[in-house]
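**Q** Here it is, the structure in full.
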Amino acid sequence: MPTIWEYADQVAAGDNGYWLAATRRAAILLAPTHPVIALPRRVPVHQVLVQTTSLVVYGRTYGTRVADHVVSGPELAAWVTEHGLPGPEAAPGNIAAAVRRLLDTVAGMLRTAGHQVPDPGLRSLHRHSLDPVVQQWHDLTDVDDSFPGPLLCLGVAAMSDTFGPAIV
């Protein structure tokens, strides 16, 4: 099993700039509860947690126009509380609207950070980007038959379990 640091560097995909900084910040925030990353055969919850946390940290750091902003655990808890999805007992229309809002919010942060973020689509070898941030977007938002929605939703749920709800 890789350490959180090894996996964060894998998620950085060779980047040595802001994306690498975001993946390492995510590792700092996740290390107390997830020092190693389990690599299961079915649902890769730990990997998706690191990927989603990295994408949100990146978006909150570079997509908000606040100079030298450092994302904290309580900030992520507040973000997850605001963007978490309703439970399975909610009406399907409410769940679909919440998923769309989540996708639009993350895409908006990444666009503000300067990335050309496409709409989510079907997972395909043709949906590839040399930009590691956009590639991570594809990995978390494109769908196929293996999971009933964007993996970003699973990642946000895992973030909620990790960082807890914000205390208001």
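The values are calculated or read from the model by the stated rules, or taken from the named source; none is laboratory data. Everything quoted here is computed from the prediction, not taken from an experiment. Cβ sites come from the backbone with ideal geometry, for glycine too, and all protein chains shown count toward neighbours. Please note that ligands, DNA and RNA were not included when accessible areas were found on the heavy atoms of the full protein model with its side chains. Shrake-Rupley method; radii C 1.70, N 1.55, O 1.52, S 1.80 Å.
**Q** So, in the stretch 28-62, of the ones that are within 20 Å of Pro165 (Cβ to Cβ) and more than 16 Å from the chain's Cα centre (by Cα), which residue ends up most open to solvent (accessible area, probe 1.4 Å)?
**A** Checking each candidate, the answer is Pro32.
**Q** Hey, another quick one. Kindly provide the set of residues from the stretch 117-168 that are free of Cβ contacts under 8 Å to residues at least 40 places away in the same chain and acidic (Asp, Glu), ordered by number.
**A** Selection gives Asp119, Asp131, Asp142, Asp144, Asp145, Asp161.
**Q** Continuing with this model, one more query. In the stretch 115-131, what residues are within 17 Å of Gly59 (Cα to Cα) and open to solvent by 60 Å² or more (accessible area, probe 1.4 Å)?
**A** Listed by number, the residues that qualify are Gln116, Asp119.
**Q** If you don't mind, another one. Does Ala90 satisfy the criteria of being more than 15 Å from Thr141 (Cα to Cα) and touching a helix residue (DSSP H, G or I) at 6+ places or on another chain (Cβ under 9 Å)?
**A** Values: more than 15 Å from Thr141 (Cα to Cα): yes; touching a helix residue (DSSP H, G or I) at 6+ places or on another chain (Cβ under 9 Å): yes.
Spelling it out, Ala90 is indeed more than 15 Å from Thr141 (Cα to Cα) and touching a helix residue (DSSP H, G or I) at 6+ places or on another chain (Cβ under 9 Å).
**Q** Take the residues in the stretch 74-87 that are open to solvent by 40 Å² or more (accessible area, probe 1.4 Å) and not in a helix (DSSP H, G or I), then tell me which one is farthest from Gln136 (Cα to Cα).
**A** Applying the filter and picking the extreme gives Pro86.
**Q** Here's a follow-up. Please go through the stretch 137-159 and pick out each residue that is assigned to a loop (DSSP other than H, G, I, E, B) and open to solvent by 50 Å² or more (accessible area, probe 1.4 Å). Lay out the reasoning, then the answer.
**A** If we filter the stretch 137-159 for residues that are assigned to a loop (DSSP other than H, G, I, E, B), which is where we start, we get 142, 144-150.
The answer is Asp144, Asp145, Ser146, Phe147, Pro148.
**Q** Out of (1) at positive phi; (2) in contact with a helix residue (DSSP H, G or I) (Cβ under 6 Å, 6 or more places away or on another chain); (3) of a type outside the set (Asp, Glu), what's the single condition that is false for Arg65?
**A** Of the numbered conditions (1) at positive phi; (2) in contact with a helix residue (DSSP H, G or I) (Cβ under 6 Å, 6 or more places away or on another chain); (3) of a type outside the set (Asp, Glu), the odd one out for Arg65 is (2).
**Q** Got a sec? Which of Val134, Val106, Val99 is farther than 26 Å from Gly14 by Cβ and surrounded by 17 or more Cβ atoms within 10 Å (Cβ to Cβ)?
**A** None of the others qualify; the one that does is Val99.
**Q** Right, here's the next one. Go through (1) among the charged types (D, E, K, R); (2) at pLDDT 90 or above; (3) open to solvent by 50 Å² or more (accessible area, probe 1.4 Å); (4) under 22 Å from Pro118 (Cα atoms) and name the single condition Arg65 misses.
**A** For Arg65, the exception is condition (2).
**Q** Check Val71 against each of (1) assigned to a helix (DSSP H, G or I); (2) under 21 Å from Leu29 (Cα atoms); (3) open to solvent by less than 30 Å² (accessible area, probe 1.4 Å) and name the one condition it does not meet.
**A** With (1) assigned to a helix (DSSP H, G or I); (2) under 21 Å from Leu29 (Cα atoms); (3) open to solvent by less than 30 Å² (accessible area, probe 1.4 Å) applied to Val71, the lone miss is (1).
**Q** Given the criteria under 14 Å from the mean Cα position of the chain (by Cα), open to solvent by 50 Å² or more (accessible area, probe 1.4 Å) and more than 20 Å from Leu151 (Cβ to Cβ), does Arg25 qualify? Show your work before the answer.
**A** Working: under 14 Å from the mean Cα position of the chain (by Cα): yes; open to solvent by 50 Å² or more (accessible area, probe 1.4 Å): yes; more than 20 Å from Leu151 (Cβ to Cβ): yes.
Here the answer is yes, as Arg25 does meet what is asked.
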